[in-house]
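For reference, the structure discussed in these notes is given below.
The values are calculated or read from the model by the stated rules, or taken from the named source; none is laboratory data. Model, not experiment: these values are computed from the prediction. As a convention, Cβ positions derive from the backbone with ideal geometry for all residues, glycine included, and neighbour counts pool all protein chains shown.
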Amino acid sequence: MIVELLHYRVPPARAAAFELAFYQGQASLRATPSCAAADLTRDQSDEARYLARLVWTGADERATFLHGSGGRVWRATMAPFDGHLEQTECHRPVQVFDRGCC
């Protein structure tokens, strides 16, 4: 499993458009079995900061998606906000606690 974290800084005036683009882009993520989850959170103290979390079944599956048609759709949907992407990180979980509630 790979957890990809995408750090964005989006001006508040573009926040609604960014959130809509992420929502629309999730269709390509939902269509691939290699993406187990995707969510978007907004910083409580700095509303310009967003964190997108994409959970992949593995690194190879992530790469296959990103280089395929689904990845092209995802990138095209999010392209207007490429300049707002500050950092991308990929992590491997070491411990998981999940009550199944969130």
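A few remarks follow.
Yes/no matrix, rows are residues, columns are (1) assigned to a loop (DSSP other than H, G, I, E, B); (2) touching a residue at least 12 places away in the same chain (Cβ under 8 Å):
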site: L5; (1), (2): no, yes
site: A13; (1), (2): no, no
site: F22; (1), (2): no, yes
site: Q44; (1), (2): yes, no
site: E47; (1), (2): yes, yes
site: F81; (1), (2): no, yes
site: Q87; (1), (2): no, yes
site: C90; (1), (2): no, yes
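- Any hit, the stretch 53-64, residues being more than 10 Å from the chain's Cα centre (by Cα), outside any strand (DSSP E or B) and surrounded by 18 or more Cβ atoms within 10 Å (Cβ to Cβ): yes
- Filter pass, G71 being modelled with pLDDT under 95, touching a Ser or Thr at 6+ places or on another chain (Cβ under 8 Å) and either surrounded by fewer than 16 Cβ atoms within 10 Å (Cβ to Cβ) or not in a loop (DSSP other than H, G, I, E, B) (or both): yes
- Residue match in the stretch 33-42 (condition: assigned to a strand (DSSP E or B) and charged (D, E, K, R)): yes
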